[in-house]
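Notes to accompany the following structure.
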Amino acid sequence: MVAQYGKEPIQHQFNPYSDNGGTLLGIAGEDFAILASDTRQSVDYSINTRLSHKIKVITPDLSSEDKKNKLVGTNKSILFGTNGFSADGDALTEDFEENYKFYTSNQNKKIEPGFEFLNNGNEDKESSMTMQSAARNVQHILYGKRFFPYYVHTILAGLDEEGKGCVYSFDPVGSYEREQCRVGGAGASLIMPFLDNQVNFKNQYIPGTNSTERKKLEYLTLEECLKLVKDAFTSVTERHITVGDGLEIFIINKEGVRLEYHALKKD
Amino acid sequence: MNHDPYSWGRPTDSMYGQYNSQIANAPTSLEGNMASGANQHTTSPIVTGTSVVAIKYNNGVVMAADNLASYGSLLRFQGIERLHKVGKTTMVGISGDVSDMQYLLEILDELTIEHNYDNDEYSDNVDELQPDYIFTYLANLMYHRRTKMNPLWNALIVSGVNSKTGEPFLQYVNLLGVKYSSPSIATGFGAHLAIPLLRKLADSEEEAQKLTKEQAIQGIKDSMRVLFYRDTRSSKNYSLAVIDKDSGITYDNDVNVEDMSWKFAKDIRGYGTQKV
Amino acid sequence: MFRNNYDGDTVTFSPTGRLFQVEYAMEAIKQGSITVGLRSKKHVVLVGLKRNDDKLSSYQKKIIKCGTNLGFSLSGLAPDARILANFIKQQVSYNELVYGRDINIQKLSELLAQKAQKTTQTYSGRPYGVGLLIAGKDNTGVHLYEFQPTGNVIELYGSALGARSQGGKTYLENNLESYLEEESLEELIKHGVSALKQTLKDETLTVSNLSIAYVGEDQDFTIVDGYDVEKYL
């Protein structure tokens, strides 16, 4: 048979995405929040690097006092984490930072001498962005690319306007929700049920009530949360090939943001 | 035979049916008719360069790539340099499509010229081009092109030394815009064959800071040998660049794989399963 | 009555070779309140006198920060300055995103000059009615530039813009040696405030109307306002 050219177009497709593995985890406490991720970046069966940073601390200027205390952000910081296709994650982070910069640069209100009463005698209002506003902005960025999505699971952590810990999580096209805890990325299906049980006390009942009375919700302490995070990551490192190498834990509370690093298995 | 030179080498009509000249004559956006023209995007590379490998050491970076450009399995061009100096302390190593590489080189030339223009008398001293400027620019370009679904089919390694801080620099970006840095980086086959050897030398920044230049060069030479053994699209002849904090860039475009041993091949017949 | 026939637009020269609209824009700067800028080897300082229209209103911003290590003080039409501030912020941001570096102040000032010059050759529209003193830091050190609506941008050791700025300039000229080699930022600020004082007529400096900004080789661009300026009064 004679081949016919030009009738059926031959389609070549370029795949603009890749899966770079890794896991991202956020927990909100009463007066603190945690955002943690592993530091491995991989593609297929190759480890690209053992030290990549999936979380960015977006913060107002640090004081010299903060720097002396080795803080990496103020208590107004936004912990911004992305997981999935790393190029999109980086682009999303840059997009948000750009918005943050312009948003905060236009509302650096200072109290003017003689006009104190306008601010009800409050301290100078620092230029910052609330978590609520940040989350809504991220939704707009993600949904703006609804038909060519940023292929990432995004989690923000910080303190809300009352100083309570908060975590916002997003799907690739911008659906979002404030939650007590959330895991994203490769280890999500392994860790999330564990956190449901340990943070939100799912399937925990008061002994002796014949599984009729649920265990009452209460905030976990920072120490309890850190233990959960470390346990979660060491476990998922055992069971998932794209998770490992190192663990970065960012902790935000009224003092500011602190970074903890722990080694994970490199195999 | 049709003796008209114009039809030499063309598929015969009797075999393939009449050639649909619309394919070759299809207007493209390059010809200026945007409205009806089809845009042409790269969907697969044509002439390609194989792995680039690089490792940091206590005073800089060592990087290597062979001088071969393949057309499929044909060793098409054997004198193609794939390590390029940009500014005073940066080398860019490029694998993947060679025409896209040459386009990137044009862009890097433009970048350098613009830098010299913008920064005037400071452009070659206090405000010279740094590896991180070049990398950021290239990474943005690569991601931008992938987002337009029209990628530059390459994986790049930017290595160098920041002349202000003296810090060694090594980072990777590919056609998807995925970027990362590591004490040792390799593209393509090198990621499978060279990286295990290089990570044995330095698996963390701390270990890389203890590595000497000689150790690093030896590691890269060993990697190039293993790649020549196992990568069919590699060549014996390669280029080696050392970017050192103190002595600047030393570049040799005519290094050959040494200390090879093919003794294991002595008894192999056919595909290896054949007995004598 | 005499009527000038050559000031209807910016593109028409008068027979004597003048562009009146551009000159009027320069005039608008002189209507603005005073601002002084001066530099040493390591620091640049801007000082400005803020105005308020009447007793009930707050004071007009005099200094705008445009990035971590640069900003400007202005004299003339504040709304025009805000447009330029936005432009600078965008350029700073673009350089950060695309090249991963701090913008070169010289390059930035050339971009501004280009933007301002364009208005002098465009029939519609008008020149910017504002003068700027740009203070910034980049890889090549600290810099002080003066921007004019004509499209002139010049690097200088010291300058003053606005009402009675000549007094300030004279002070800076007479004291060039002493502040150019000044190591201390505090002393440089004091020089700036002294220069500003030369230009005052019936006003006195208060915590409300004095605005100060500085940038140094190891200091980000910082604005000092309100009660923080008390010690310089």
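Brief remarks follow.
- Cβ-to-Cβ counts within 10 Å put A:PHE102, C:PHE2 in ascending order as C:PHE2, A:PHE102, the fewest first.
- When the C-alpha to C-alpha distance is required to be over 23 Å, the pairs from B:LYS56/B:LYS245; A:LYS266/B:LYS56; A:LYS227/B:LYS200; A:LYS68/A:LYS266; B:LYS88/B:LYS236; A:LYS101/C:LYS61 that qualify are A:LYS227/B:LYS200; A:LYS68/A:LYS266; B:LYS88/B:LYS236.
- Peptide A:82-89, shielding by other chains (average Cβ, 10 Å cutoff): 3
- log10 of Debye I(q)/I(0), alpha-carbon scatterers only, for segment A:114-267 at 0.10, 0.12, 0.14, 0.20 Å⁻¹: -0.50, -0.70, -0.90, -1.37
- Each of A:GLU98, A:GLU213 was scored by other Cβ atoms within 10 Å of its Cβ. Listed from fewest to most, they are A:GLU213, A:GLU98.
- Cross-link partners of C:LYS231 among aspartates and glutamates (Cα-Cα below 15 Å; sequence separation of 8 or more within a chain): C:GLU186, C:GLU187
- For chain B, convex hull of alpha carbons as volume per residue, Å³: 200
- Selection of trypsin sites (Lys or Arg not before Pro), segment B:229-276, meeting DSSP coil and at most 16 other Cβ within 10 Å: B:LYS236, B:LYS266, B:ARG269, B:LYS275
- 3J(HN,Hα) along segment C:215-228, derived from phi through the Karplus expression 6.51 cos²θ - 1.76 cosθ + 1.60 where θ = phi - 60°, amounts to 9, x, 4, 10, 9, 5, 5, 10, 9, 10, 9, x, 5, 5 Hz, with x in place of Gly and Pro.
- Per-residue Cβ neighbour rank within 10 angstrom, fewest leading, B:HIS3, A:HIS262: B:HIS3, A:HIS262
- Protection proxy ranking of B:146-154, B:161-169, A:164-172 - average other beta-carbon atoms within 10 Å, highest first: A:164-172, B:146-154, B:161-169
- Sparse packing (at most 16 other Cβ atoms within 10 Å of the Cβ) combined with a DSSP loop state is found for the following trypsin sites (Lys or Arg not before Pro) in segment C:4-100: C:ARG18, C:LYS41, C:LYS55.
- Based on DSSP H segments of at least four residues, each scored -39500 (n - 2.57), chain C has a per-residue ellipticity at 222 nm of -10500 deg cm²/dmol.
- Placed amide H near C:ARG51: partners under 5 Å, 5+ positions off or other chain: C:GLN60
- Amide H to amide H, with H built 1.01 Å from N, B:ASN162 comes under 5 Å of B:GLU167, B:PHE169, counting only residues 5 or more places away or on other chains.
- For segment A:204-267: relative contact order, % (alpha-carbon pairs under 8 angstrom, 6 or more apart): 22
- log₁₀ of I(q)/I(0) at q = 0.08 Å⁻¹ - chain A, Debye sum with one point per alpha carbon: -0.39
- Placing R0 at 60 angstrom, the Cβ-Cβ distance between B:GLN209 and B:HIS3 gives a FRET efficiency of 0.30 after rounding to 0.05.
- Mean partner shielding of peptide B:139-145, defined as the number of other chain Cβ atoms within 10 Å of each residue Cβ, is 3.
- The separation of segment B:122-157 from segment C:38-56, counted between C-alpha centres, amounts to 40 Å.
- Percent RCO, i.e. relative contact order, over chain A, from Cα pairs under 8 Å lying at least 6 residues apart: 27
- ³J(HN,Hα) computed for each position of segment A:59-76 - Karplus, 6.51 cos²θ - 1.76 cosθ + 1.60, integer Hz, glycine/proline x: 9, x, 4, 8, 7, 5, 4, 4, 5, 4, 7, 6, 7, 10, x, 8, 6, 8
- Rg and Dmax of chain C, Cα atoms only, in Å: 17.8, 59
- Computed over chain A, the per-residue total of -39500 (n - 2.57) for DSSP H runs of n ≥ 4 gives a 222 nm mean residue ellipticity of -8000 deg cm²/dmol, rounded to 500.
- Computed [θ] at 222 nm, deg cm²/dmol, chain B (DSSP H ≥ 4; -39,500 (n - 2.57); rounded to nearest 500): -9500 deg cm²/dmol
- Peptide-level mean, for A:48-54, of C-beta atoms on other protein chains within 10 Å: 5
- Chain C: relative contact order as a whole-number percent, Cα under 8 Å and 6+ apart: 28
- Bins of 20 Å from zero: percent of alpha-carbon pairs in the protein assembly as shown: 13, 37, 34, 13, 2, 0
All of the numbers you see were taken from the coordinates with simple rules; none came from a lab. These figures come from a predicted structure and were not determined experimentally. Cβ coordinates were reconstructed from backbone atoms using ideal geometry, including for glycine residues, and neighbour counts include every protein chain displayed.
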